[in-house]
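Report on one structure; see the data block that follows.
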Amino acid sequence: MYETIKTIVLTALVFISVMLTFALWTYHPKYDVLQSSDEYIQHVSVSNTQVDTAMVVQPEQVLIHKNGIHYAVVKEEEKNEALKEIKKWSLDDFEDISSSVPQGKFLSFLSGKERLEVIYPDEVPMDIYRLIFTIEDKKTEGLAFDRLVVPLGGKDEFPVYFIATDKRKIYRATATDASLSVINRLAREANRFPRYFAYPISEMKQLYLPENEVTLNSLQYYTDELDADKFKEALFSDPSFVKKDLIPFGEEYTDGSRLMDVDFLQRMLLYVNPAARVLNSGQTEPETHLIQKSIDFVNEHGGWTDLYHFARWNEEDRKVVFRLVVNGYPVFNDYGMSEIVETWGASDLMKYQRPLFRLEIVDRSRTPKTLPSGREAVKQLEQMKGVRRSLIKNIVIGYELVKDPDREKVIRLEPAWFYLYGQTWKKVAPSGTERGGEAHGLE
């Protein structure tokens, strides 16, 4: 009897052992991440902020042209009112009418008669406009525009013009089920808006600058450091393999392939992925456009720690830049401390550069600073040695981000005039103050 029981027990144990071995061999756990290391996405958030495309891709100017005078809608709430109305329109039947506007009439077409003009900082692809406005026409792939022009006074159905100034392209769309009640109201009240003047920089482009002096406050902010370890968790495929080393004035993180540098002096983060494949010649962009992919990437790790707006992009270099905005004005810094910059390979991120701090508390002490009028700024710019008018791409009022030399966690925002010269932002230097004929570059 004992031998029989022993045989049964041994047989049962062997059976159980075989079943466990089989289960281990055939078990496939359900992972929360993709198996490919290139597609691995860490769900780590630096902040809880999430943004949509319309919050990031914002116009830099909204103007009303009326009776030959240019008025700027400068208050953010009124800009948003106008944009909110445009978003309700259904835009269809796009048609290229570029050839119908004579060469010498292009600029007057933009600002002639009574019109609303919405100007973006760079050409925005139609794929992105579709995420902001209601665009029904499907035959607009591959197009990009930097401004919209809306004739005032229309009812229910009227034309809306999408314009690419550098390419001298004008597409007319039809807005249906549309109202201009908000925009027409702003036009009727235009006299209360600051007057601007047109400054032509080419046969196809003119800038709008304020007729009068502009007074802005110099600001001081206490900043909050962002946790570099959270970026390590978000950016590396397997953070457990990442090694951290101290380097002069910073830290370096690497997994043997990717690299993340933390610069303590400039409070900047630089992530580089050399293994990311470069887009081959003739290869097309995947379904998600580069600008949207860049917005999504920062959303994935809660990287919108302050208010940033789309600033520019380069299709050839596959580079997208977002700029810090404070009180509606762009912020510039010569070390990139006011920019989020992404460079992409065929599908993976190759380079990511950004500030490693957020603006936390604004200091109550504010110093008013009066900037010269647009005409005076242009005069100063034209008197600067070595500046060629043909290379001036833009002129704006903004803030220069300056580190406080005495307080490590305090930064100052100083109002100033800036101009885009080629691909570099520079500060307009008053006559006689530029050194050696060279303007100070601000990236």
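The values are calculated or read from the model by the stated rules, or taken from the named source; none is laboratory data. This one's a predicted model, so the numbers in the text were calculated from it and none came from an experiment. Backbone-built Cβ (ideal geometry, glycine too); neighbour counts: all protein chains shown. For the accessible areas, the whole protein counts, side chains as well, though only heavy atoms, and no ligand, DNA or RNA atoms are used. Shrake-Rupley method; radii C 1.70, N 1.55, O 1.52, S 1.80 Å.
When the Cα gyration tensor is reduced to axis lengths a ≥ b ≥ c, the ratio a/c is 1.5 or higher for region 344-392, and with a/b not above b/c it is classed as oblate.
For region 102-119, backbone nitrogen atoms closer than 16 Å to the point 7 Å from Glu189 Cα along Cα-to-C-beta are found at no residue. Site pair Lys167 and Leu265 shows an inter-label distance of 4.2 nm when each label is modelled 7 Å from Cα along Cα→Cβ. Using a probe of 1.4 angstrom, how much of the accessible area of the chain is carbon and sulfur, in percent? In the chain, the share of accessible area belonging to carbon and sulfur is 52 percent.
Think of a 1.4 Å ball rolled over the protein heavy atoms: the chain then has 52 Å² of accessible area per residue.
The magnitude of the dipole of the chain, with charges of +1 and -1 set on the Cβ of Lys/Arg and Asp/Glu and taken from the Cα centre, is near 1420 debye.
Taking one quarter of the surface of the convex hull spanned by the alpha-carbon atoms of region 99-204 gives a direction-averaged projected area of 7.5 nm². Set the Förster radius R0 to 41 Å, insert the Cβ-Cβ distance between Ser179 and Ala346 as r into 1/(1 + (r/R0)^6), and round the FRET efficiency to 0.05. Step by step, r from the Cβ atoms, then E = 0.40. Report the paramagnetic label zone for Val410: residues of region 201-236 whose backbone N is under 12 Å from a point 7 Å from Cα along the Cα-to-Cβ axis. Under cut-off, by backbone N: 219-223. Most simply put, the chain has about 95% antiparallel DSSP beta bridges, counting only bridges with both residues inside it. In this simple spin-label approximation, Ser365 and Gln50 carry label points 7 Å from Cα along the Cα→Cβ vector, and these lie 4.1 nm apart.
When the Gaussian network model of the chain links Cα atoms closer than 10 Å, the mean-square fluctuations of Ala311, Ala275, Ala377 top out at Ala275. For a label point 7 Å from the Cα of Arg277 along Cα→C-beta, name the residues of region 329-351 whose backbone N is under 11 Å from it. Output list for this probe position: 346-348. Between Lys105 and Glu211, the modelled label-to-label distance comes to 2.7 nm, taking each label 7 Å out from Cα in the direction of the beta carbon.
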